[in-house]
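Nothing in this text is a laboratory measurement; each read-out follows from the coordinates by a stated rule. Computed from a predicted structure; not experimentally measured.
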Amino acid sequence: MARRYGDLRKDRRRDDWHKLAMGLAGFAVLAAVYLAGFIVVSRLLPHLGPWLAAKIVGLAFVAAGGGVAARSAGRALKQRTARPRDRGSKPA
């Protein structure tokens, strides 16, 4: 039983490293997209100052992130409240 618990614990540690790596990769991608957006806004609208360009890109990120978060929350709520389907029976 101790061996089995050790094996299960080892799998959980592997999963934790995977979650950390995926989180860091996601953060790096979001930072790169934010920086690219800032550069594009700065080049397209040169009369804007850097603070205003950063605010515009930041608001766009918040708006997009809010939509994605709302969609994800709705999907999770829908899955929790959905009735379980009987997969074993065949339709008549």
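Some notes on this structure:
- The shape of region 17-79 comes out oblate: with a ≥ b ≥ c from the C-alpha gyration tensor, a/c is at least 1.5 while a/b does not beat b/c.
- Rounded to whole numbers, the Karplus 3J(HN,Hα) couplings from phi for region 59-67 are 5, 4, 5, 5, 5, 5, x, x, x Hz, using 6.51 cos²θ - 1.76 cosθ + 1.60 with θ = phi - 60°, and x at Gly and Pro.
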